[in-house]
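The structure under discussion appears below in the form of C-alpha cells.
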Amino acid sequence: MSEASQQTRPFAAFEWMLARRYLSAQRKTGTLWIHANSERFVLELVDGAVVHLVSDNPRPEHRIGTILVSTDRISQGKLDEFLNRYGPQDGPIGKLLQDAELVTEGDLRHALQVQVQELFQRIFELENAVFCFRAGAVSDLEVRVCLNTTELMLNCARRDDERRRDEGGE
C-alpha cells in the first residue's frame with residue numbers, strides 16, 4: 001500500500017499510541033480521520049506536529065467561545081452580545097471574534113491549544129475506533145496551532161493516571 005493511499009483499521013488505545021508515535025517520528029504531514037461510535041475527529045499534522053483537531057460533536061465546554069470566556073479572554077456578556085448581533089456566521093467563531101477585535105490572535109491561539117488538548121484527551125481515552133490517514137496537504141486555516149504530539153500524549157497519560165488515582169482513592 002503506498003504512502004498516499006488510505007489506511008483504515010480499528011484500533012485500541014495502545015494501537016493509537018503506536019500510530020501517533022509513527023506519524024510523529026516519521027514527521028508525517030497529512031490528515032488523520034478517527035471514527036468512534038457517533039463521533040468523528042479530524043486531526044491534521046505538519047511534520048509530525050498537530051496543527052489542527054476538530055470533532056463533529058464538540059462538547060459545549062470545549063467550544064472556542066466557551067474556552068475564551070473560561071480563560072478570561074472575553075466576557076460572557078460580550079460573547080453573547082456578539083452571537084446575538086451576528087447570529088450564525090460563515091467561518092470559525094474565533095476568527096470572527098478576532099476580526100471584530102474582541103480577542104487577539106494570541107487569545108485565539110491559546111483557546112485553540114486548550115481545545116486541541118481536550119480533543120486529544122478524548123481520542124486518547126477511546127477504546128474502539130477506526131482511523132484513516134492520508135498523507136499530503138492539510139487545510140489552509142489562517143490561525144492554527146503547532147503542538148508536539150509526544151507532549152500531548154504525555155499530558156493525556158498524566159491526566160488519565162490522575163483520574164484513575166482519584167477514582168481508586170489511592
- Can you give the FRET efficiency for Glu151 and Gln26, using 1/(1 + (r/R0)^6), R0 = 22 Å, r = Cβ-Cβ distance, to the nearest 0.05? 0.80
- For segment 63-170, dividing by residue count, accessible area per residue (probe 1.4 Å) in Å² works out to 60 Å²
- Using Cα centres only, tell me the gap between segment 66-107 and segment 131-167 in whole Å. 24 Å
- Paired Rg and Dmax values of segment 88-136, which use every Cα atom, in angstrom: 15.0, 42
- Task: Give the calculated FRET efficiency between Glu127 and Glu101 to the nearest 0.05, with a Förster radius of 35 Å applied to their Cβ-Cβ distance.
- Result: 0.20
- Can you work out the FRET efficiency for the pair Ser139 and Asn84, with r the C-beta to C-beta distance and R0 = 45 Å, to the nearest 0.05? 0.95
- Quote the charge dipole size of segment 71-170 about the Cα centre in Debye, to the nearest 20; the model charges only the Cβ of Lys and Arg (+1) and of Asp and Glu (-1). 180 debye
- Task: Obtain the nm distance between the two label points defined at Ser75 and Ser38 by a simple spin-label model: each point lies 7 Å from its Cα along the Cα-to-C-beta direction.
- Result: 3.7 nm
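The values are calculated or read from the model by the stated rules, or taken from the named source; none is laboratory data. Computed from a predicted model, the values in this text were never measured in an experiment. Note that each Cβ is placed from the backbone with ideal geometry, even for glycine, and that neighbours are counted across all protein chains shown. In case anyone asks, the SASA skips ligands and DNA or RNA and just uses the protein heavy atoms, side chains included. Shrake-Rupley method; radii C 1.70, N 1.55, O 1.52, S 1.80 Å.
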